[in-house]
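Written out below as structure tokens is the structure these notes cover.
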Amino acid sequence: MSTPLFEVKQLDVEYQMKNSRFMALRDVDLEGYLGETLGIVGESGCGKSTLAKSLMRICSPTHGRLFFDGKEITSLSSRELRKAIRGMQMIFQDPDASLNPRMTVEGHLKEAITTSKVAHEGTVEEYIKELLNMVQLPHSVARMYPYQLSGGQKQRVSIARALSVKPKLLICDEPLSSLDISVVAQIILLLKKIQEEHGISYLFITHDLATLRYLAHRLLVLYLGRVMEVSPAQDVFSEPLHPYTQALMASIPTPDPDASYEPAKLCIVGDPPSIVDPPSGCVFHTRCPYATESCRHIAPRLKEVKPNHFVACHLYDLS
Ligand code: SF4
């Protein structure tokens, strides 16, 4: 494989609450490559968004190192950081929260373009047309305010604004979850097309495995802030190895009677334990049907079980 576009090494993120502290992420390693979609999946509260925010340094790492586009960004000053991560943009779940209701679409795009100086003054109008075209919005939308747009149109504007600075990495934090089901497929197709045409990488965070089946090249499965499995997406979908991933996969309705992975009778019961007081040993042992005594005491390490397929589970200790 080529040099990674971004890397996270041994990342820990600890949050301080009123009377306690807890680890939102522990010992997370990952890397992503140009033109690739790395899907991050897991239940609510597993640390997916913390991971995205850490990469942008919106959250400060407690321990570990972060790299982007050939440069270590772990402890850069805010000024150095702004420059170093210009090629990294984020799309959020709720486009309403990230758009200014008093600003037109053109205003949003102009602001991003002029701040980042990606186009000469005389070419800004033309560039805005190009961006709207990229996200398949008519140019007439440029004069509109967010309240005049549908949810899908607002998310397209957010995508156009993120693309305006010509990013290499787009972090997509549940960008489809607030949209009507009727526009979800359109946005997925749009993101796929943009990636094919511009070679952008996506770090795509979602709890929806069906979306990742279509978009992701590789998958990373998180549970209570720990990495359970990392692998090429097709391997995880055809043969998930970690019991938690198997349970997640078994929960996807499959319309294909010839699907290669026959969901086991594995289903996880109950809610995830509190991240503030995680179980000892393997954090999944309280819900895992295969848990043994050693699972309750010894945390499994992530190891390569097959080429490029990493799993943190004692079931694979001897393989
Ligand atoms: Fe289950 Fe043990 Fe594997 Fe954890 S280490 S997933 S408890 S079998």
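Tabulated results
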read-out: Within region 42-116, helices (runs of 4 or more DSSP H) holding 3 or more residues that are surrounded by fewer than 18 Cβ atoms within 10 Å (Cβ to Cβ); value: 78-84, 105-116
read-out: Candidate set: region 218-261, residues that are out of contact with any strand residue (DSSP E or B) (no Cβ under 8 Å at 6 or more places or on another chain), away from the ligand (no atom under 16 Å from the Cβ) and of a type in the set (Gly, Ala, Ser); chosen: the one modelled with the highest pLDDT; value: Ser238
read-out: Candidate set from region 262-275 (those that are away from the ligand (no atom under 15 Å from the Cβ) and within 23 Å of Leu25 (Cβ to Cβ)); member that is modelled with the lowest pLDDT; value: Asp271
read-out: Pair list, Cβ under 7 Å, 6 or more apart: region 159-171 residue of a type in the set (D, E, K, R), other residue crowded, with 21+ Cβ neighbours inside 10 Å; value: Arg161/His108; Arg161/Leu109; Lys168/Leu5; Lys168/Ile200; Lys168/Ser201
read-out: Tabulated pairs, region 297-319, first under 16 Å from Glu239 (Cβ atoms) and in contact (Cβ under 8 Å) with a residue 24 or more places away in the chain, second of a type in the set (Asp, Glu) and within 13 Å of the ligand (Cβ to nearest atom), C-beta under 9 angstrom, 6+ apart or interchain; value: His309/Glu229; Phe310/Glu229; Val311/Glu229; Cys313/Glu229
read-out: Top-ranked residue in region 175-191 [being of a type in the set (A, V, I, L, M, F, W, C), in a helix (DSSP H, G or I) and modelled with pLDDT under 90; ranked as most open to solvent (accessible area, probe 1.4 Å)]; value: Ile181
read-out: Residues of region 291-313 that turn out to be buried (at least 19 other Cβ atoms within 10 Å of the Cβ) and within 9 Å of the ligand (Cβ to nearest atom), as a count; value: 5
read-out: Test for Arg21: is it open to solvent by 30 Å² or more (accessible area, probe 1.4 Å) and in contact with a strand residue (DSSP E or B) (Cβ under 9 Å, 6 or more places away or on another chain); value: yes
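The values are calculated or read from the model by the stated rules, or taken from the named source; none is laboratory data. Bear in mind that the values here come from a model prediction, so they are computed numbers and not experimental data. Don't worry about glycine lacking a Cβ; one is built from the backbone with ideal geometry, like all the others, and counts go over all protein chains shown. Areas reflect the complete protein model, heavy atoms only, side chains present, ligands, DNA and RNA absent. Shrake-Rupley method; radii C 1.70, N 1.55, O 1.52, S 1.80 Å.
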